[in-house]
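Trainee: Before we start, here is the structure in question, set down as structure tokens.
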Amino acid sequence: MDFNGTTLEQLSRGECLRLVRQVPFGRIVYTRQALPAVELVNFTLDDGDIVIRTDASGKLAAATVGAVVAFEADSVDIATHAGWSVTIVGYSQAVTDCEEIRRLERTGPESWAPGSRDHFIRISPTIVNGRRIAAQRQIGNGDASTG
């Protein structure tokens with residue numbers, strides 16, 4: 001397949017959240033021992049917030065409660081040189097309301113990791129940025145001239 005350049009599009013907040021809803025996992029970026037740390041997590045989008053499920057005594061839970069974190073999700077098609085990436089920055093909070101925990105146990109993300117994962121962390125977006133890149137197919141026989 002021949003490509004004739006690419007297009008890069010900045011995405012609206014609504015489009016970013018629509019795309020994030022389509023993928024099953026993303027990456028949470030947080031601070032651990034004063035250094036950046038990244039964890040691959042499955043998640044759900046709940047009323048515009050990112051919700052992850054983790055071990056209450058784990059490093060991720062301890063480091064993210066009340067902290068500013070980043071969340072990134074993406075989708076890439078290598079064959080067509082196309083894809084999108086969304087970054088969400090916001091404050092994380094432990095979900096402590098018993099009714100909300102029960103609801104999230106029914107509707108929230110199922111943890112892919114082994115062991116007990118009974119702790120929910122909610123990330124409320126403050127900054128949402130996204131980009132989509134798409135390849136433009138070359139038209140005709142590859143000759144850019146028209147005459």
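Trainee: Taking H placed 1.01 Å from N in the peptide plane, check which residues at least 5 places from ALA67 or on another chain put their amide H under 5 Å from its amide H.
Mentor: Residues meeting the criterion, in which the H sits 1.01 Å from N, are SER92.
Trainee: What's the local net charge at ARG32, with K and R +1, D and E -1, over the other residues with C-beta under 13 Å away?
Mentor: Here the count lands on 0.
Trainee: What whole-number value in Å² describes the accessible area per residue of the stretch 13-84 for a 1.4 Å probe?
Mentor: Using a 1.4 Å probe on heavy atoms only, each residue of the stretch 13-84 averages 52 Å².
Trainee: 7 Å from Cα along Cα→Cβ at both ARG32 and ILE127: what's the point-to-point distance in nm?
Mentor: 2.3 nm
Trainee: From the backbone phi of the stretch 37-47, what are the Karplus-calculated ³J(HN,Hα) couplings (6.51 cos²θ - 1.76 cosθ + 1.60, θ = phi - 60°) in whole Hz, Gly and Pro given as x?
Mentor: With coefficients 6.51, -1.76 and 1.60, one gets 10, 10, 10, 7, 9, 8, 7, 9, 9, 10, 6 Hz.
Trainee: Can you run phi through the Karplus equation (6.51, -1.76, 1.60; θ = phi - 60°) for the stretch 62-78 and list ³J(HN,Hα) in whole Hz, with x for Gly and Pro?
Mentor: 5, 7, 9, 5, x, 9, 7, 10, 10, 10, 10, 9, 7, 8, 10, 10, 5
Trainee: Give me the angle, in degrees from 0 to 90, between the Cα long axis of helix 98-107 and the longest principal axis of the Cα atoms of the chain, rounded to the nearest 10.
Mentor: 40 degrees
Trainee: Given a 1.4 Å probe and every protein chain left where it sits, what share in percent of the accessible area of the chain is carbon and sulfur?
Mentor: C and S fraction of accessible area: 51 percent.
The values are calculated or read from the model by the stated rules, or taken from the named source; none is laboratory data. Keep in mind that what you see is a predicted model, and the values were worked out from it rather than measured. Don't worry about glycine lacking a Cβ; one is built from the backbone with ideal geometry, like all the others, and counts go over all protein chains shown. Just the protein is used for accessible areas: all its heavy atoms, side chains included, with ligands, DNA and RNA removed. Shrake-Rupley method; radii C 1.70, N 1.55, O 1.52, S 1.80 Å.
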